[in-house]
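> Let me begin by handing over the structure; questions about it come next.
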Amino acid sequence: MEHHDIPGTTIFDGDQARKGLALNRMCFSFNSAENREAFRRDEDAYCAKYGLTKEQREAVRERNVLKMLAVGGNVYYLAKLAGIFGLNVQDLGAQQTGMSVEEFKQKLVAAGRQ
Amino acid sequence: MANIIGGVATSHVPAIGKAIADKKQNDPYWKPFFSGFDFVHQWLQREKPDIAVFFYNDHGLNFFLDKMPTFAVGAADAYHNDDEGWGLPVARSFAGDAKFSWHLIETLVADEFDVTMCQDMLVDHAVAVPMQLMWPDAKEWPVRIVPVSVNTVQHPLPSAARCFKFGRSIGRAIESYPGNQRVLVVGTGGLSHQLDGERAGFINPEFDRLCMDKIAGDPEALTGYSSEELVELAGTQGVEFLNWIAMRGALTGHVTEAFRNYHIPISNTAAATMVFDHQPQPQRKAA
C-alpha cells in the first residue's frame, strides 16, 4: 500500500506483514527459553525449520536490523531475537542510526532538553 | 451502578520492569520517572478502585501476526504474564472478573464493536509494568483487571476517532453494571518513541505536550489524526497513544487533569504519567 513518505520509517502494513511472516514467526517462538537455546545451538537448522527466505537468513546472519526490517521484520518481534544476543532496543537504535550506543543514548538525553 | 473513579495513563517501557526488578527506582536516571508515581499512589489510596480496565497493546506474547484482532477483551477470572524473550522476570498473576468482562463484551457488541473475546489471555509488560508502578508494595493485587488489547502494531490500525468511541462504549458499559464497584480505567504506552528504522530514537516533545494538554478537556482535538499522521508525529511506537485515547473515551463524564509527569528519556521513549479525575454526568431524573 502507498503511504505518506516519512523519512527513515516503514509503516508495518499488510505488505510488510506478508513479506515478514516467516521471520516474525521465528522471532515469536523466542518467547520460549527452550527455543532460544535451540537457536543458539544450531542457528542454520533453526532458521531452516521456520522457512526463512534467503534474504531473511542473510539479515539474521549479519545481525543487521535495517536489513531485517526491509525483509518484513517487525521490531517488537526482532527485539526477542536481539535478546538472544544480549542486545536491547538502545543497542538496536544505535546500530540502525550508525551511532555508538553511548552517542545514541546522549541523543535521547539531548531530546529531553528541547 | 458501578462508578468510574478516574483514569491513569502511563508509559509501559519494558526497561521500567527491569529497573523495578533491579530496585533502581532511586538511581539518578530513573528517579525523575518513578517519583512521578508518588502522587499516583496517594490518589489510588484515596480512590480505592476494585476493578481496573486496561487499554494496552500486546507485543507478541498473547497474539501473533497470524491472527491479529483490532480490539480484544479478556473474559477470564485469572490472567498470567509469561516470558517475553527479553529477560524480564515473569510478573505474578492477576485476578480477573469474568462476569464483569462479559457485560463489557455484551455492551460493546450491541454497540457494533465486534470484539475478539478471550477466555485465555496472557498479558504482557504493557499490563504488568503499570500494575507494578501503581501498586509497588502490594502483597496481593488490590484490583481485579479486564485487559482490553488495542492493535497498535499491524497497520491498518483503528483510527483515533474509533478508539475514542470504543472507549466510550466501555465507559457506558461500566456505568450500566449493577453494583457499586469502583472502576479505574488505565491507558498504557507512549508517548513519542520509535524503535525501528533510520529514524530510531525519534522523540517529539512538542507533540507530546499537545497530547497531554488536550486529552483531559478537549480530546476531540486529538481524534482527527490518521494513523500515519500519528506515526509521523509520535513515532512508529508512539501510536500507542491510541490506548490513551481509548482510556479517555471511557471517561464519559466531566474530566479534569489531576496530575502529570513527563520525562525524557526512559530507554528510547518520552515517558509520561497522567492522572484524571472523573465526575459522572448527572443522571436524568425519571419523569
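Please treat every number below as a calculation from the coordinates, not as lab data. This structure is a prediction, so every number in the text was calculated from the model and none was measured. Cβ sites come from the backbone with ideal geometry, for glycine too, and all protein chains shown count toward neighbours.
> Using Cβ contacts closer than 10 Å as the measure, can you line up A:K67, B:K99, A:K107, A:K80 from fewest to most? Spell out each step's value before the answer.
Details: A:K67 16, B:K99 10, A:K107 19, A:K80 24.
Listed from fewest to most nearby Cβ atoms, that is B:K99, A:K67, A:K107, A:K80.
> Another question, then. What fraction of the Cα pairs in the protein assembly as shown, stated in percent, has a spacing above 32 angstrom? Intermediate values should be presented prior to the final figure.
Working: 24703 of 80200 pairs.
Tail of the P(r) past 32 Å holds 31 percent of the pairs.
> Give the lysines reachable from B:K48 as a straight Cα distance under 22 Å; neighbours fewer than 8 places away on the same chain don't count.
B:K99, B:K139
> Measure of size requested: the Rg and Dmax of chain A, with Cα atoms as the atom set and Å as the unit; please supply both.
15.2, 48
> Loop sites only, by DSSP: take the GluC sites (Glu not before Pro) in chain B that have at most 14 other C-beta atoms within 10 Å and name the longest stretch containing none of them. Mind showing how you got there, number by number?
Working: sites that count: B:E112, B:E140.
By the stated rule (loop sites, at most 14 other Cβ atoms within 10 Å), B:141-287.
> Could you line up B:I16, B:I245 from fewest to most neighbouring Cβ atoms inside 10 Å? Working shown, then result.
Details: B:I16 26, B:I245 29.
Ranking B:I16, B:I245 by Cβ neighbours within 10 Å, fewest first, gives B:I16, B:I245.
> Taking a ≥ b ≥ c as the square roots of the Cα gyration tensor eigenvalues, with a/c under 1.5 meaning rounded and otherwise prolate when a/b beats b/c, else oblate, which class fits the stretch B:234-281? Numbers along the way, then the final one.
Numbers: a/c = 5.00, a/b = 1.76, b/c = 2.83.
Taking the square roots of the gyration eigenvalues as a ≥ b ≥ c, the stretch B:234-281 is oblate.
> If you project the alpha carbons of chain B onto their three principal axes, what span does each projection cover, largest first, in Å?
Principal extents (Cα only, largest first): 60, 42, 40 Å.
> Take every residue in peptide A:72-85, count the Cβ atoms of other chains within 10 Å of its Cβ, and give the average of those counts. Before the final figure, lay out the partial values.
Numbers: counts 1, 1, 7, 9, 13, 6, 2, 8, 7, 2, 2, 6, 2, 0.
Partner Cβ neighbours, averaged per residue: 5.
> Next question. Quick check on the exposure proxy: order B:M134, B:M117 from fewest to most C-beta atoms within 10 angstrom. Write down the numbers at each step before the final one.
Working: B:M134 23, B:M117 15.
The order, fewest Cβ neighbours first, is B:M117, B:M134.
> Work through the residues other than A:A38 whose Cβ is under 12 Å from its Cβ and net out their charges, Lys, Arg +1 and Asp, Glu -1.
Values: positive: A:R36, A:R40, A:R41, A:K49; negative: A:E34, A:E37, A:D42, A:E43, A:D44.
Local net charge: -1.
> So, one more: Convert each backbone phi in the stretch A:64-77 into a coupling constant with the Karplus relation 6.51 cos²θ - 1.76 cosθ + 1.60 (shift: θ = phi - 60°), then list the ³J(HN,Hα) values in order as whole Hz, x for Gly and Pro.
Residue by residue, the stretch A:64-77 yields 9, 5, 4, 5, 5, 5, 4, 9, x, x, 9, 5, 5, 7 Hz.
> Right, next: Counting pairs on different chains as well as pairs 8 or more places apart, how many Lys pairs in the stretch A:14-111 have Cα atoms under 25 Å apart?
For the stretch A:14-111, the number of qualifying lysine pairs is 13.
> Right, another one. On a C-alpha basis, how far is the centre of the stretch A:51-88 from the centre of the stretch B:9-25 in Å? Whole number, if you could?
Result: 25 Å between the Cα centres.
> Counting only other residues whose beta carbon sits under 14 Å from that of B:I20, what net charge do I get with K and R as +1, D and E as -1? Let's see the in-between values first.
Working: positive: B:K18, B:K23, B:K24, B:K31, B:R92; negative: B:D22, B:D27, B:D137.
In short, +2.
> Something else: Given the rule -39500 (n - 2.57) for each run of at least 4 DSSP H residues, summed and divided by the residues of chain B, what is its mean residue ellipticity at 222 nm, to the nearest 500 deg cm²/dmol?
Details: 9 runs with 91 residues, N = 287.
When only DSSP H runs of four or more count, the value is -9500 deg cm²/dmol.
> Using helices alone, what [θ] at 222 nm do you get for chain A, with -39,500 (n - 2.57) per DSSP H run of 4 or more residues, divided over all residues and rounded to the nearest 500? Working shown, then result.
Numbers: 8 runs with 76 residues, N = 114.
Counting only the DSSP helices, I get -19000 deg cm²/dmol.
> To continue, here is another question. In nm², what is the average projected area of the convex hull enclosing the Cα atoms of the stretch B:73-223?
On the way: hull surface 44.0 nm².
Computing the convex hull of the Cα atoms and averaging its projections yields 11.0 nm².
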